[in-house]
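Shown next, in structure tokens, is the structure this report addresses.
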Amino acid sequence: AAVHEHPDRAALAVPYQSVRWSFAEFDHEVEHVARGMLACGLKPGERIGIWAPNCAEWLLTMFAAARVGLVLVNINPAYRTTELEFALRLVGCRALVFAPRFKGSDYGQMLCSLIPELLTAAPGRLYCAVFPELRLLIQLGNEPLRGTLGFEDLSIAGHDLDESTVASLEDDQDADRVFNIQFTSGTTGTPKGAALTHFNIVNNGFFVGEGLQLTADDSVCIPVPLYHCFGMVL
């Protein structure tokens, strides 16, 4: 609705990445990523993990996954190798979008320790004994690890895809389908995966906006992590 009614208004600003997109520009970027996901073989209902600190690509992944019916799995950027392994196995991710590193964690090295097959796999054709469902790893940044696809390449991958493909999937969406899996903190045991529908998230965001009396003239600063429900819903 915002794209249709106010295409030129500012939608997203990420200062450290020098990103400032209008609603029309953001929608255009989301469409490219959504088509790339389909071109890479991802199908509605499959799960795609996002393991990265806050960035523009986080939001592109979120909205593109919603557009084509994928289930977004939020993975804590602070996870160590054992925690990542637990999360990926529990939900059976088909794809994983990840940052090169975060603070002292080298994500590529951590993934290679879990997936020895990665460095010899063709991007999108991973066959892994530990994670049998996992096929595609997408790395942020300009120098993707061997066996992974760069995020920019993902955006380009769907260039020749018929435009009606995404539109038909969007028309088929159901507000009550699960869209998102978020993990509890695990303070009383192993983390649990909480499943949220499209309606859960949009309804939550709507009433936060109502409670804060937000209008179209306001900007919202989100300094909290997007992987958590607080940041993502805002």
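The values are calculated or read from the model by the stated rules, or taken from the named source; none is laboratory data. Since the structure is predicted, the reported quantities are computational estimates derived from the model, not experimental observations. Positions of Cβ are generated from backbone atoms using ideal geometry, with glycine treated the same way; all protein chains shown enter the neighbour counts. SASA here: full protein model, heavy atoms, side chains in, ligands and nucleic acids out. Shrake-Rupley method; radii C 1.70, N 1.55, O 1.52, S 1.80 Å.
Taking the listed residues A129, A122, A99, the one that is out of contact with any Cys (no Cβ under 6 Å at 6 or more places or on another chain) and within 21 Å of L226 (Cα to Cα) is A99, with no other qualifying.
Pairing residues of region 40-60 that are farther than 22 Å from E85 by Cβ with residues that are open to solvent by 40 Å² or more (accessible area, probe 1.4 Å) and modelled with pLDDT under 95, at Cβ distances under 6 Å and at least 6 apart in sequence or on separate chains, gives C40/A157. Selection of helices (runs of 4 or more DSSP H) fully inside region 1-100 by the criterion of at least 2 residues being surrounded by fewer than 17 Cβ atoms within 10 Å (Cβ to Cβ) returns 2-5, 23-39, 81-91.
Of all the residues in region 102-136, those that are of a type in the set (D, E) and under 20 Å from the mean Cα position of the chain (by Cα) number 2.
Please enumerate the residues belonging to region 213-225 that are without any contact (Cβ under 8 Å) to a residue 60 or more places away in the chain, under 24 Å from A56 (Cα atoms) and open to solvent by 60 Å² or more (accessible area, probe 1.4 Å). Correct list: L214, T215, D217, D218, V220, C221, P223.
Counting the residues of region 142-180 that are modelled with pLDDT of 85 or more and touching a Lys or Arg at 6+ places or on another chain (Cβ under 7 Å) gives 2. Residues in region 151-166 that are among the hydroxyl-bearing types (S, T, Y) and in contact with a His (Cβ under 8 Å, 6 or more places away or on another chain): S155 alone.
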